[in-house]
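Okay, structure first, notes after.
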Amino acid sequence: QQQVKQSPQSLIVQKGGISIINCAYENTAFDYFPWYQQFPGKGPALLIAIRPDVSEKKEGRFTISFNKSAKQFSLHIMDSQPGDSATYFCAASKASGTYKYIFGTGTRLKVLA
Amino acid sequence: DGGITQSPKYLFRKEGQNVTLSCEQNLNHDAMYWYRQDPGQGLRLIYYSQIVNDFQKGDIAEGYSVSREKKESFPLTVTSAQKNPTAFYLCASRVAGGGTEAFFGQGTRLTVV
């Protein structure tokens with residue numbers, strides 16, 4: 001019940017295209033769903049996050065779509081750029097009790113120029 | 001500047017040696033975490049701490065030990081009992097309570113020689 005399953009493992013997109021990464025969770029107690037971006041040799045950094053009281057959140061070219069009934073959420077990168085090439089992790093956490101922060105297995109995105 | 005600092009950036013360990021990875025934060029965060037990152041396996045939780053002098057095992061704690069004597073510091077010791085220690089280690093911290101951003105250090109790459 002603590003897992004967060006992420007797909008695909010890798011993704012190649014043409015410049016200007018849409019990149020879509022999906023995550024699914026099991027524990028309905030999770031109530032915070034962030035996406036992190038990691039460049040090689042660096043620590044991950046928060047990209048965008050959503051709470052289950054909304055179905056979508058948009059920040060610039062990045063959008064999270066959240067489906068509470070299906071226990072799924074996804075990251076959409078519009079107008080993908082070569083500079084977006086990185087590894088993306090979804091994660092899940094809950095507001096009370098343990099402060100465990102559970103990560104997906106990551107998606108390596110490559111945007112072709 | 002506030003942030004989270006890991007040192008060293010690169011570390012080499014001989015077989016049978018214990019080594020300690022440093023993690024310091026000046027963000028006044030209560031919660032701190034250690035993750036191990038291997039290719040294709042995402043971020044796996046080793047240990048986490050919610051308050052000083054208290055910490056809990058994560059999913060892969062065997063062969064590792066931690067201490068939390070100060071709020072700012074959460075060092076990780078990789079013991080000789082860890083049979084496959086070569087990996088990228090990431091430390092993170094966040095405000096107590098769920099639903100908040102985790103801030104990561106730049107990581108330590110440990111190699112067994």
Give the residues of the range B:39-58 that are at pLDDT 90 or above, surrounded by 13 or more Cβ atoms within 10 Å (Cβ to Cβ) and part of a loop (DSSP other than H, G, I, E, B), sorted by residue number.
B:VAL52, B:GLY58
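Going by what's in this entry, would B:GLN82 be described as within 13 Å of chain A (Cβ to nearest Cβ) and polar (S, T, N, Q)?
Values: within 13 Å of chain A (Cβ to nearest Cβ): no; polar (S, T, N, Q): yes.
For B:GLN82, the condition - within 13 Å of chain A (Cβ to nearest Cβ) and polar (S, T, N, Q) - is not met.
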Looking across the range B:36-50 at residues that are over 20 Å from B:VAL95 (Cα atoms) and polar (S, T, N, Q), the single one that is nearest to the other protein chains (Cβ to nearest Cβ) is B:GLN41
Only residues in the range B:56-68 that are of a type in the set (Asp, Glu) count as the first member; pair them with residues that are crowded, with 16+ Cβ neighbours inside 10 Å, Cβ under 7 angstrom, at least 6 apart or cross-chain, and list the lot.
B:ASP59/B:ARG44; B:ASP59/B:LEU45
Can you tell me which of (1) more than 9 Å from every other protein chain (Cβ to nearest Cβ); (2) assigned to a loop (DSSP other than H, G, I, E, B); (3) not hydroxyl-bearing (Ser, Thr, Tyr) is the one A:ALA24 doesn't meet?
(2)
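Residues are listed down the side, and each one gets a yes or a no for (1) part of a loop (DSSP other than H, G, I, E, B); (2) polar (S, T, N, Q):
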| position | (1), (2) |
| --- | --- |
| B:THR77 | no, yes |
| B:GLN82 | yes, yes |
| B:PRO85 | yes, no |
| B:TYR89 | no, no |
| B:ALA92 | no, no |
| B:ALA96 | yes, no |
| B:GLY99 | yes, no |
| B:LEU110 | no, no |
Leading residue by the ranking (nearest to A:ARG51 (Cα to Cα)) among those in the range A:84-113 that are of a type in the set (S, T, N, Q), under 15 Å from the mean Cα position of the chain (by Cα) and at pLDDT below 95
A:SER93
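The values are calculated or read from the model by the stated rules, or taken from the named source; none is laboratory data. Quick caveat: nothing in here was measured; it's all calculated off a predicted structure. Backbone-built Cβ (ideal geometry, glycine too); neighbour counts: all protein chains shown.
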